[in-house]
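First comes the structure, then the notes that go with it.
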Amino acid sequence: MLRFLLTFILVAITSALLAKAPKPEATQYTCVMHPEVIQDHPGRCPKCGMKLVPVKKDRRHPTPNTEDPTSKTETAHSTHHPHMEEGHAMHEMKMQSSVNLTDPMSREGSGTSWLPDSSPMYGRMFMLGQDMLMLHGAAFPRYTNVRTRRGDDRIDAPNWLMGMFSHPLSDNAQLGVRLMMSLDPLTEGGRGYPLLFQSGESWHDQPLHDRQHPHDLFSELSLTYSQKFTPDLSSYIYFGYPGEPALGPPTFMHRISAMDDPDAPLGHHWQDSSHVTFGVATGGLVWRTVKIEGSVFTGREPDEDRYDFDRPRFDSASGRISWNPTPDLALQFSHGYLKSPEGLEPTVNRHRTTASIIYNKALGHDANWATTFVWGQNDDTHEGKTQSFLLESDFQHGRDTFYTRLERVEKSGHELVLDGADLEKIFPIYAASFGYVHDFAYGDGIDVGLGAQFTIDHRPDELDRYYGDEVGYGLEVFLRIRPSLHRHHEMADAMK
């Protein structure tokens, strides 16, 4: 009996002591680039592949620049990342958009458009004190052969270069500057490059057809002021000369799903062609992951002189609503009125409506899958409504990338520069492209990949007398040169 009582007392005392002893707090791990990723064991970030680091426990009272890293809502909309340690001195990471300081940089697309938050960034970052400079770009030296009577073959090199700069004015205000240039006027010439069934703009006062026009030397020169009112509410004003109004999805060369494809979509002038507009003013209001914005801008497309600055008119308007419901999704719907977009047809006005869904998924370390669906409709004076549909996808795993683009576009005989009774008809055009790129220089600041692309087109039989009766196809062999994927250690080195 005594042994039983002693055993009982010993067990009770031990249980009481264990109950009162504080349990060790479990270590949590997070990603420096994506602080919304929180898990209770070490590993790699599922979005960018970076090594997860322990969350630093800050026992002090919170300050405006120190936020709880376990709060997904606060972190997603903070201009400062939480303090974390990775075996060396701490860095306070700033990765906000140059357009709106409450948006993550990975969300920033062309103009003021949005990409999914999980989108990878290919570029080089430089920290100049509190200022940030990010450089992007790409060049595609290539050989192209396009069959049919209206085809062509040539050697050229579509290209672009962009710089994004941001300067904080205070904890709640920021100034942003962007410059985008292209040497297309030199590498593509005035006619642009061969692209079967492409249309839009002119050369020597004649409409271009079966060619993609070159971009202007200056594609964007913009200034943005953004203001944060609360952690959830912010706004911005954007001026571009040239710039991009709030109309359509991010332009094709800025979409992860399209940036490995050297060609512009056939529906470019139904979806995202207003990205070079000489005179744009946009105002936007952002509430968490929803944005409403409106623009006044010049409806006329750039003229044939690709080196000058066209006259601003501010005669057109557009509105767009964007929503990123999850880090992997970006949705937008927009409508715009473009006054006299074509210089050869000054009396023709256009109403454009677009909708798009962009999905991006990081598939572990050094792998990503991006897919975009775009619908665009033009309603032109005298011609009526024509539709375009695009579905494109890009899968990258290490040094290898596979991509595809599927399109259906309704183009008029006038758009394709036909003659006679065919001028007033509408023709459905189909195109499918499949491509592959292998990077033989990779991850050392500049990626250089060797790629090939095959495109097959389908058209109504009525167009055979213009294009011939053989199957239309295009073949390209190219180099893809661009900055490497931006990683955390590069940002940390830049901030030292």
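Kirkwood radius and radius of gyration were both taken over the C-alpha atoms of the stretch 81-224, and their ratio Rg/Rh is 1.11.
How much of the pair distance distribution for the stretch 260-340 lies past 22 Å, counting alpha-carbon pairs only, in percent? Of all Cα-Cα distances in the stretch 260-340, 38 percent exceed 22 Å. For a modelled paramagnetic label at His458, 7 Å from Cα along Cα-to-Cβ, the residues of the stretch 431-448 in reach, with backbone nitrogen under 14 Å, are 431-433. Given 20 °C and 1.002 mPa s, how large is the Stokes-Einstein diffusion coefficient of the stretch 286-381 in µm²/s, with Rh as the Kirkwood radius over Cα pairs? Reported coefficient: 136 µm²/s.
Rg of the Cα atoms in the stretch 145-288, relative to 2.2 N^0.38 Å, amounts to 1.24.
Extending 7 Å from Cα along the Cβ direction at Phe333 and again at Phe434 yields two label points whose distance is 3.6 nm. Put simply, the stretch 382-470 fits an ellipsoid with semi-axes of 37, 14, 11 Å; these come from the alpha carbon gyration tensor as the roots of five times its eigenvalues, largest first.
Computed 3J(HN,Hα) for the stretch 283-295, one whole-Hz value per residue from the Karplus formula 6.51 cos²θ - 1.76 cosθ + 1.60 where θ = phi - 60°, is x, x, 10, 10, 10, 6, 10, 10, 9, 10, 8, x, 9, glycine and proline marked x. Both radii come from the Cα set of the stretch 115-196: Rg as radius of gyration, Rh as Kirkwood radius; their ratio Rg/Rh reads 1.17. Here each label is just a point 7 Å from Cα along the line to Cβ, and for Arg465 and Leu179 those points are 5.3 nm apart. Using alpha carbons only, the radius of gyration of the stretch 322-369 set against its Kirkwood radius gives Rg/Rh = 1.29. FRET efficiency for Asn172 and Trp287, Cβ-Cβ distance as r, R0 = 25 Å, nearest 0.05? Computed FRET efficiency for Asn172 and Trp287: 0.95. Treating each Cα of the stretch 341-496 as an identical point scatterer and ignoring solvent, apply the Debye formula and state log10 I(q)/I(0) at q = 0.13, 0.20, 0.21 Å⁻¹. For the stretch 341-496, the Cα-only Debye profile gives -0.83, -1.25, -1.31.
Rg and Dmax of the stretch 156-241, based on Cα coordinates, read 18.4, 53 Å. Computed about the Cα centre, the dipole magnitude for the stretch 363-424 is approximately 360 debye when only Lys and Arg (+1) and Asp and Glu (-1) carry charge, each at its Cβ. Entry for the stretch 195-278 at q = 0.21, 0.27 Å⁻¹: log10 I(q)/I(0) = -1.10, -1.37, Debye formula applied to identical alpha-carbon scatterers, no solvent contribution. Across the stretch 197-208, rounded Karplus estimates of 3J(HN,Hα) from the backbone phi angles (6.51 cos²θ - 1.76 cosθ + 1.60, θ = phi - 60°) give 6, 6, 8, x, 6, 8, 8, 6, 6, 10, x, 7 Hz, Gly and Pro being marked x. Please report how far the C-alpha centroid of the stretch 403-462 lies from that of the stretch 305-367, rounded to the nearest whole angstrom. Their Cα centres are 20 Å away from one another.
Coordinate-derived values only; no laboratory data. Since we're looking at a predicted model, the values are computed, not measured. Methodologically, a virtual Cβ is constructed for each residue, glycine included, from the backbone with ideal geometry; neighbour enumeration extends over all protein chains shown.
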